[in-house]
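Have a look at the structure below before the remarks.
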Amino acid sequence: MSDASEVLRIDRLVQLEEPGSPTWWVLDYKLHPGPETIEAYRSQLLRYRAIIERAQPGEPVRCAFITGDGRVVELV
């Protein structure tokens, strides 16, 4: 995937069938126990979500960190 001239790599992009319409999930794996507290990580994940929203207009796109201890932390 690219944003302008920069090449970006999403850890995991999945589409889940949910009632109403399919939902895209942008998932980013981080070993840090609290990636949601680090602004650089948050900005990166929100940027990924924005790129997928542009690529899939009108479809729901959600994003979350998956931490080293197995937690799923969604950014809204």
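FYI, it's all coordinate maths here, none of it is from the lab. This is a predicted model, so every value here is computed, not measured. Note: ideal-geometry Cβ built from the backbone for every residue, glycine included; neighbour counts use all protein chains shown.
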Check your understanding: Comparing 59, 17, 36, which has the greatest mean-square fluctuation in the GNM of the chain with Cα pairs linked when under 10 Å apart?
Key -> 17
Review point. Roughly how big is the chain's charge dipole about its Cα centre, with Cβ charges of +1 (Lys, Arg) and -1 (Asp, Glu), in debye to the nearest 20?
Key: 120
Point to revise | Estimated [θ] at 222 nm from DSSP helical runs (n ≥ 4, -39500 (n - 2.57)) normalised by residues in the chain, nearest 500 | key: -7500 deg cm²/dmol
Review point. Given a Förster distance of 35 angstrom, what is the FRET efficiency for residue 42 paired with residue 16, based on the Cβ-Cβ distance and rounded to 0.05?
Key: 0.95
Check your understanding: So what is the relative contact order of the chain, in percent, for Cα pairs below 8 Å that sit 6 or more residues apart?
Key -> 30
Point to revise | Cβ-based charge dipole, the chain, positive-most Cα from 5, 45, 72 | key: 5
Point to revise | Positive minus negative residues near residue 31 (Lys, Arg vs Asp, Glu; Cβ under 13 Å) | key: -1
Practice item. Could you give the C-alpha radius of gyration of the chain expressed as a fraction of 2.2 N^0.38 Å, taking N as the number of residues it contains? Key: 1.10
Study note, to complete from the structure: the chain, Gaussian network, Cα under 10 Å: of 12, 47, 62, the residue fluctuating most is 12
Exercise for review: Write down the percent of antiparallel bridges among all DSSP beta bridges whose residues are both part of region 2-75, to the nearest 5.
Suggested key: 60
